[in-house]
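For reference, the structure is listed below as C-alpha cells.
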Amino acid sequence: MIFNIEAFDLNKAADSVLFNIKSDCIVVGILHEKTLSGVAQMLNVATKGLISRLVKSGDLNAKAGSTLMLHEVAGVNAPRVLLVSLGKHNVLSPKTFIDASSAAWRAVSATRATSATWMLAQVAVNNRDISWNVRISVLTLRELNYQYTQTKTKAAADADNDNAIKKVLIAVDHEYNQACNTALGEGVAIANGIDLTRELGNLPSNICTPTYLASIAKQLENDWQLKVEVLDQKQIETLKMGSFLSVAKGSAQAPKFIVLEYQGTSSNQAPVVLVGKGITFDSGGISIKLSEHMDEMKYDMCGASAVLGTFRAIVEMHLKLNVVGLIPTCENMPSGNANKPGDVVTSLSGQTIEVLNTDAEGRLVLCDALTYAERFKPAAVIDIASLTGACVIALGHHNSGLFSRNDALANMLLTAGLYASDPVWRLPLDEEYQDQLKSNFADISNTGGRSAGSITAACFLSRFAQAYPWAHLDIAGTAWKGGREKGATGRPVPLLTQFLIDRAK
Ligand code: BES
Ligand code: MN
Ligand code: ZN
C-alpha cells in the first residue's frame, strides 16, 4: 500500500482541481453544522447542492462514523464518493476522528476501489494538529489492512483478504505540504513497526522461539542502520545472569539475550534503553497455569516484539536519538530441570531471589536485563512487559499500567500515550509495598501475595533499576485481544515511538 501527500490550494475554492482527481474513491468528511464548510462545501458546489440535500434528508446519518457511498456523482471525476459523518460538533475529539476514519476506511475497503483520495486531513480535531490527522489516518487504514496469514494455506489466506486499496492520496493545503509529508513518513514507519509487533505476537510459540526472535533482530540489522548482538546460553552463563537462566533451564528451547543498538546522534549522548519481556511461551512452569486460555501465553513475548517494532519504526524515521534495546527471551516450561517453588537463584546484580511461584517468571528475566542496562549509562530505561494478570483486573484493556518514581519520565510517557492514542495510567510504587516481597531465605521473594499484584511486581523490578531514571509498562491487558477478535494489537509501539520522537526534539 502506497501513501502520498497531494497539495492543493484549499483556501481558494479550487473545486474543479479537487474533484478532477483521478481516483477510485474520494473520501469527504461532513460536519452536521448549519452550513457546510471546507471540502464538503466545495463538493456541495461541484455537485449542485447534492450534499446538503443528502444531509437534510437524513440519508447521511448525523451520527459520527455513519457513511454513505455515492456512485457516479455528476461534477466529480472519481466513480465513488464516500461521505463520512463527523458528528455535530465543529471541533472533534481525537477518538471521534479515529472512529470515523476507521468507519470510512472500512467502507472504502468493502468496495473494489484500488485507489482512494482522503480529504479528512484538514478537519479540526481538539488539541491535535494536521500532522496528527495525517499520521492517524495512515495508522487506522494500516490497522484494518493488517492480516495474519503466515500459518494459513494460501487459499485460506486469500479468502480472508478482501482489501483492494493499493494507493492512497492524502489531500492537504499547500501550506502544510512539508509538515504532512513528514507526518506521512512517520505514520508509515510506525505502521511498519506495529505490523512487525503484531505478526511476531500472533505467531505460535513453536515458530516464534527465542532463536526466531533473534533471527528477526538480525534481519533488522541486515536491512537497516543498527547493530545487533545475540548472546547465546554460554555467554549468558558467563555474564552470570542466574535469574534469567533459572527460567530458561526448564525448556528445550535455547535462551537468547538480544542487544540492539541504534545510534541516531552523537555517541556521547546517553541512550534510552528499552527492555522487552520475551517469554515466547509461559506455561507457568511447575506452578503451572490452568489450561483455559493458556494458548494466549504465546503473547508473553509482546514486550520483546514491541521493542523490535519500535526499532523498526525509528530506524525508518532516522530518529536523531540513541536507543538501546535489550531482550531476554526464553520459554517458561515445567520439566525436571525447571525452577521449583522455593528455589533460590542469584541474579546478575548479586541479589538472591526466592522463587516462590515459578509463574512469576517475567520479573526473573527482566531483573537481569535491568542490571545489564547499567553498562550503557542510560538517560532513561523503560521496560515493557506482559507482567501481571492483576494489571488486567485493575485497568482492563484500555490503559497500560505505568510505574515510575521519576515524575518527569512518567509525565512524558503519559503525554506521549495520550497523543498517540495509546494511553497509560500511572499506578503507585510506594516504599510500603516493598514489605510484601520479604523472604526468609533470600534477599527478596519473586511474589508479593495476591493484593496489589501489579504493584509488587513493579516493586520487584525497582530493586534492580536504581542506577538510572526508570519506568515500567505493564501491557498484559493491552498488547493483545482475546476471544473472537484474538490477535496482537501492536501496542505500545505508538506510545514508545511518540515518546522517542518527543525526546529527539
Ligand atoms: N505472563 C503472565 C501475566 C499474564 C497473565 C498476562 C494473564 C496476561 C494474562 C505472568 O508471567 C504471570 O504469570 N504472572 C502471574 C504472577 C503471579 C504468579 C505473582 C500472575 O499475574 O498471575
Ligand atoms: Mn507467568
Ligand atoms: Zn509471563
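The values are calculated or read from the model by the stated rules, or taken from the named source; none is laboratory data. Just so it is clear, the model here is predicted, and its values are computed rather than measured. Cβ atoms come from the backbone with ideal geometry, glycine included; neighbour counts cover every protein chain shown.
Restricting attention to segment 290-311, the residues being touching a residue at least 12 places away in the same chain (Cβ under 8 Å), assigned to a helix (DSSP H, G or I) and surrounded by fewer than 24 Cβ atoms within 10 Å (Cβ to Cβ) number 3. Pairs are defined by a Cβ separation below 6 Å, a sequence spacing of at least 6 or placement on different chains, a first member in segment 131-148 that is more than 10 Å from Ala121 (Cβ to Cβ), and a second member that is surrounded by fewer than 21 Cβ atoms within 10 Å (Cβ to Cβ) and among the small types (Gly, Ala, Ser); the pairs so defined are Thr140/Ser102.
Looking only at segment 171-187, count every residue that is under 19 Å from Gly490 (Cβ atoms) and surrounded by fewer than 20 Cβ atoms within 10 Å (Cβ to Cβ) and tell me the total.
Within segment 171-187, the subset under 19 Å from Gly490 (Cβ atoms) is 183-187.
After this cut, where a residue has to be surrounded by fewer than 20 Cβ atoms within 10 Å (Cβ to Cβ) as well, the list is 185.
Of the residues in that region, 1 qualify.
Considered as a group, the residues in segment 367-386 that are under 20 Å from Asn406 (Cα atoms) and in contact with a helix residue (DSSP H, G or I) (Cβ under 6 Å, 6 or more places away or on another chain) include one that is nearest to ligand 3 (Cβ to nearest atom), and that residue is Ala385.
In the same structural domain as Lys227 (by TED's automatic domain parsing), surrounded by 17 or more Cβ atoms within 10 Å (Cβ to Cβ) and away from ligand 1 (no atom under 16 Å from the Cβ), is that true of Val315?
Details: in the same structural domain as Lys227 (by TED's automatic domain parsing): yes; surrounded by 17 or more Cβ atoms within 10 Å (Cβ to Cβ): yes; away from ligand 1 (no atom under 16 Å from the Cβ): yes.
For Val315, the condition - in the same structural domain as Lys227 (by TED's automatic domain parsing), surrounded by 17 or more Cβ atoms within 10 Å (Cβ to Cβ) and away from ligand 1 (no atom under 16 Å from the Cβ) - is met.
From the list Thr456, Thr415, the lone residue that is of a type in the set (S, T, N, Q), closer than 19 Å to Ile384 by Cβ and surrounded by fewer than 16 Cβ atoms within 10 Å (Cβ to Cβ) is Thr415. Within segment 120-132, identify whether any single residue is touching a helix residue (DSSP H, G or I) at 6+ places or on another chain (Cβ under 7 Å) and either over 22 Å from Ser421 (Cα atoms) or assigned by TED's automatic domain parsing to the domain that holds Ile207 (or both), and answer yes or no. Checking segment 120-132: not a single residue is touching a helix residue (DSSP H, G or I) at 6+ places or on another chain (Cβ under 7 Å) and either over 22 Å from Ser421 (Cα atoms) or assigned by TED's automatic domain parsing to the domain that holds Ile207 (or both). Any residue in segment 350-362 that's modelled with pLDDT of 95 or more and within 16 Å of ligand 3 (Cβ to nearest atom): show its pairings with residues that are in a strand (DSSP E or B) and not β-branched (Val, Ile, Thr) at Cβ separation under 7 Å, as long as the two are six or more apart or on different chains. Qualifying pairs under 7 Å: Val355/Asp343; Leu356/Ser445; Glu361/Asp282; Glu361/Asn332; Gly362/Ala385. Just so you know, in segment 275-289 the residues that are more than 10 Å from ligand 3 (Cβ to nearest atom) and over 16 Å from Leu203 (Cα atoms) include one that is surrounded by the most Cβ atoms within 10 Å (Cβ to Cβ), and it is Gly276.
So that you can scan it fast, the table gives a plain yes or no per residue for (1) in contact with a helix residue (DSSP H, G or I) (Cβ under 9 Å, 6 or more places away or on another chain); (2) within 13 Å of ligand 2 (Cβ to nearest atom):
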residue	(1), (2)
Val247	yes, yes
Lys256	yes, no
Tyr262	yes, no
Ser266	no, no
Ala270	yes, no
Ser287	no, yes
Leu290	no, yes
Glu316	yes, no
